[in-house]
1. Could you go through segment 137-151 and let me know if any residue there is of a type in the set (A, V, I, L, M), surrounded by 14 or more Cβ atoms within 10 Å (Cβ to Cβ) and either closer than 18 Å to Arg197 by Cα or in contact (Cβ under 8 Å) with a residue 60 or more places away in the chain (or both).
2. Return only the number of the condition from (1) touching a strand residue (DSSP E or B) at 6+ places or on another chain (Cβ under 9 Å); (2) under 30 Å from Lys64 (Cα atoms); (3) open to solvent by 10 Å² or more (accessible area, probe 1.4 Å); (4) of a type in the set (A, V, I, L, M, F, W, C) that Phe126 does not satisfy.
3. Confirm whether Val103 is within 21 Å of Met372 (Cβ to Cβ), out of contact with any Ser or Thr (no Cβ under 8 Å at 6 or more places or on another chain) and in contact (Cβ under 8 Å) with a residue 40 or more places away in the chain.
4. Is it the case that some residue within segment 380-400 is of a type in the set (A, V, I, L, M, F, W, C), open to solvent by 50 Å² or more (accessible area, probe 1.4 Å) and assigned to a strand (DSSP E or B)?
5. Regarding segment 165-187, can at least one residue be identified that is buried (at least 21 other Cβ atoms within 10 Å of the Cβ), over 21 Å from Val121 (Cα atoms) and among the β-branched types (Val, Ile, Thr)?
6. State the number of residues belonging to segment 189-209 that are open to solvent by 20 Å² or more (accessible area, probe 1.4 Å) and touching a residue at least 40 places away in the same chain (Cβ under 8 Å).
7. Take segment 272-293 and flag every residue that is in contact with a helix residue (DSSP H, G or I) (Cβ under 8 Å, 6 or more places away or on another chain), surrounded by fewer than 22 Cβ atoms within 10 Å (Cβ to Cβ) and of a type in the set (Gly, Ala, Ser).
Amino acid sequence: MKSSVSLAAPAHAPVSLSGGRPYLAIPGPSVMPDRVLRAMHRASPNIYGGEIYGVMESIWPRLKAVARTNQHCAIYIGNGHAAWEAANANLFSRGDKALVLAVGRFGIGWAESARALGVDVEVLDFGKSSPVDMGRVEAALRADTGHKIKALLATQVDTSTSIKTDVAQLRAVLDAIGHPALLAIDCIASLGCDEFRMDDWGVDVTVAASQKGLMTPPGLGILWFSEKARARCRGNDLRTPYWDWEPRALGTEFWQYFNGTAPTHHLYGLSEALMMLEEEGLQNVWARHRALAGAVWAAFEVWGDGNPAIAMNVMRPQDRGCSVTAARIGGQDATRLREWCEHQAGVTLGIGLGMALPNDPAWHGFLRVAHMGHVNAHMTLGVLAVMETGMQALGIAHGAGGIMAATRTISAR
């Protein structure tokens, strides 16, 4: 007698609707486009000539275009933390001074990275929900009468808090008081999402990584640096053969771009991703991110009308990055909602990174919704619909009509 196997769930078990294609709405790694994945799905190329050389030659101008610069560019095999270290190793000698502006965990992290290398770091910490106070920055720079501060380091968008810094205004402050510090900006969470203009805004060093707005798997850290930064930092004693940006940007042999073997498959993926950005047009890319971010913000504003525990981390829209929204839901509800969304609906939301320690009960009251990179209206509206459904299923009080508010925002653009 043949045995039979039932595929039906037990009558008492809740039915999960997560069986389709999962959606990762965390702020990096972002969604990988199928075109990027297909570009990477190939045999290893010859690294001593041929096709990969042409791929690399096509990457350089596109990387400069996405950062809006005609300056130098260097690629490292590593994540965003590696890109920080590359920037620090090239910018500073031991004992040099850096002024770091922190609006979240990643500003603090860049400061820690520099301090660990022997840099004298001063941190202006603006907290976890307030933008940079330009008056405090100006006061700190004016107090540096001996011009010991070699570089000013800041994040354009801090991934943990979603606070956006006005980069052009930082340059204006430096110029207004005549301070010679180099301006270095972490664009890891913003490049290819928020408007950024390296040359127009007077940025000397730009730091980014492959896994967010550049829509490529984690593994590439990227620096863009001005000729002024190159000249001023030549001979710094923190620079080692591996981190040295000059051969990576100006090498005469292919292997010098990577201090050894090239990250071949990442290069194929990055080339395709940059081509996609070029095809869409960077202005349109920025506008798409603004529109999708606006839909998320509209939903949260309505949800918060019915529950004061629900709120976005950043109050003023002009101070929010367009790639990620950090929010609180209060109590244990953010964790409850994240778990429901992932296990019952196949949508993974980001944890509230840096808002509280993991062993603090308050940690469970924060989450992040990413809308960066390869995202469109149905993806973002789908995430919001799942979140609202989860709040209903879990009995989390919230204002009614969040999805309608989001759709109105999209339809009115």
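The values are calculated or read from the model by the stated rules, or taken from the named source; none is laboratory data. As the structure is a computational prediction, the values presented were derived from the model and not from experiment. Counting neighbours? That spans all protein chains shown, and the Cβs are built from the backbone with ideal geometry, glycine included. Side chains are part of the model used for accessible areas, which takes the heavy atoms of the whole protein and leaves out ligands, DNA and RNA. Shrake-Rupley method; radii C 1.70, N 1.55, O 1.52, S 1.80 Å.
1. yes
2. Single failed check for Phe126: (2).
3. On the way: within 21 Å of Met372 (Cβ to Cβ): yes; out of contact with any Ser or Thr (no Cβ under 8 Å at 6 or more places or on another chain): no; in contact (Cβ under 8 Å) with a residue 40 or more places away in the chain: yes.
When the stated conditions are applied, Val103 does not pass them.
4. Narrowing segment 380-400 to residues of a type in the set (A, V, I, L, M, F, W, C): 381, 383-387, 391, 393-394, 396-397, 400.
Those left that are additionally open to solvent by 50 Å² or more (accessible area, probe 1.4 Å): 393, 397, 400.
Next cut, assigned to a strand (DSSP E or B) only: none.
The answer is no; no qualifying residue exists.
5. Within segment 165-187, not a single residue is buried (at least 21 other Cβ atoms within 10 Å of the Cβ), over 21 Å from Val121 (Cα atoms) and among the β-branched types (Val, Ile, Thr).
6. From segment 189-209, those open to solvent by 20 Å² or more (accessible area, probe 1.4 Å) are 195, 197, 199-202; that's our starting set.
Add one more test, that the residue is touching a residue at least 40 places away in the same chain (Cβ under 8 Å), and what stays is 195, 197, 199-200.
Summing the residues that are open to solvent by 20 Å² or more (accessible area, probe 1.4 Å) and touching a residue at least 40 places away in the same chain (Cβ under 8 Å) in segment 189-209 gives 4.
7. Scanning segment 272-293 gives a single hit, Ala291.
Per-residue answers, yes or no, for (1) touching a residue at least 24 places away in the same chain (Cβ under 8 Å); (2) in contact with a strand residue (DSSP E or B) (Cβ under 6 Å, 6 or more places away or on another chain):
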position	(1), (2)
Pro217	yes, no
Ile222	yes, yes
Phe225	yes, yes
Cys233	yes, no
Asp237	yes, no
Gly260	no, no
Leu274	yes, no
Leu282	yes, no
Val285	yes, no
